[in-house]
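These notes are about the structure you will find just below.
The values are calculated or read from the model by the stated rules, or taken from the named source; none is laboratory data. The structure presented is a predicted model; accordingly, all values stated were derived computationally and were not measured. Backbone-built Cβ (ideal geometry, glycine too); neighbour counts: all protein chains shown. Side chains included, ligands, DNA and RNA excluded: accessible areas come from the protein's heavy atoms. Shrake-Rupley method; radii C 1.70, N 1.55, O 1.52, S 1.80 Å.
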Amino acid sequence: MMKLGCCSWSYHRAMEAGRMDFDDWLRVCAEELRVGGVDIIAEQMPQRTKRGWLDVKKRCTDSRLSIVSLSPSNDFGKPSEAARRREMEKLRRWIEAAFVMGAPCLRIFAGWPPEGQREALWSAMVACVRQTARTAAQAGVTLVVEPHDRGGFLADSRRTLQLIREVDSPWVRINLDTGNYVEPDPYAGMEASLPFAPHVVAKIRRLGPDGEERELDYGKIFAMLRRQAYHGFVTVEYEGQ
C-alpha cells in the first residue's frame, strides 16, 4: 500500500513570510494533514547541528511521522574542480545528518552546468556522484538523484537513467519527481524510471476549483504506480502560488 507524505518546500512561502516556522509545519503534517511521512528540505531546519537533527528526529517520532528523505541543495555542474569538491564536502555533512536522523534517503542533484558545457562536464559530474555514493554507503544512506529541467544535466528520463547506469552503485537511485521530466511522453519516462525510484514526489502546481491538479494527470500516474506495485511514499510538493 502506498503511503502519503508532505515535503516542507510546500510551505516555503509561509515560512519565508514568518507566518509559519518549521515546528508549525511538523504539527500541521501530524495533526491537520495526518500524513505518514515528511520530506525535509535541509536548509529549512532551524538548527543545522547534531543536537538540532536529534531534536527533529525526536519530534517526528513523537508525532508518528517517518522521515522519508532529507533534501539538501547541491550543484555538481560547477566548472572548477575545487568548487565541485566543496559541493561533495557539503553533502558529506548532510549524509551525516541523514544518518543521525534516520532518514533512509538523501535527495541530491546532478547539477546545472554553464550554458554549452553540459557534455564537457558530464564525466566530472558522474565522478562526483560516484564518490559521494561511497561516503553515503558507509552511513547506509541511499542517494536519490532528482531529475531537473531548465538547464540541468537531467532534463529527461534518458539522461537520468544514463547517470544511474554510469554511476553503477546500489546506493544511487532516483528521486522521481512527477513534474520534472521534459520529454514527449513524461509518463512513459516516469514508468521507465520507477524501478530505480525508492521515493516519488508528487508535484502540485495548479489546482482547479474541484481540487484536481491541472498540469499533471494523477489518474494516469497512480495507475502506473499500481501497475508497478509501488508501495513506498508519495510525497506531495506544492509549488503553486
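General remarks:
- In the chain, the DSSP-assigned H stretches of four residues or longer account for a calculated mean residue ellipticity at 222 nm of -12500 deg cm²/dmol, using -39500 (n - 2.57) per stretch and the full residue count as denominator.
- Mean separation of Cα contacts under 8 Å, 6 or more apart, over the residue count of the range 18-144: relative contact order %: 24
- Charge-dipole axis of the range 139-241 as Lys and Arg at +1 and Asp and Glu at -1 on Cβ define it, positive-most pick from Gly140, Asn175, Leu207: Gly140
- In whole percents, the pair-distance distribution calculated for the range 79-151 from its alpha-carbon pairs, binned every 5 Å from zero, is 3, 15, 27, 23, 16, 9, 4, 1.
- Here, the range 30-103 is characterised by an Rg to Rh ratio of 1.07, where Rg is the alpha-carbon radius of gyration and Rh the Kirkwood radius.
- Only protein atoms count toward the accessible area here, which uses a 1.4 Å probe; on the chain, the carbon and sulfur part of that area reaches 50 percent.
- Arg205 paired with Lys90, simple spin-label distance in nm, labels 7 Å along Cα-to-beta-carbon: 2.5
- Selection of chymotrypsin sites (Phe, Trp or Tyr not before Pro), the range 79-120, meeting DSSP coil and at most 10 other Cβ within 10 Å: none
- Percentage, to the nearest whole number, of Cα pairs in the chain over 23 Å apart: 49
- The magnitude of the dipole of the chain, with charges of +1 and -1 set on the Cβ of Lys/Arg and Asp/Glu and taken from the Cα centre, is near 800 debye.
- Counting only Cα atoms, the size of the range 1-140 along its three principal axes is 49, 34, 34 Å, in decreasing order.
- 1.4 Å probe accessible area per residue over the range 50-209, in Å²: 44
- In plain terms, the chain from Ala139 to Asp217 could stretch by 24.4 nm, reckoned as 0.36 nm per residue minus the Cα-Cα distance.
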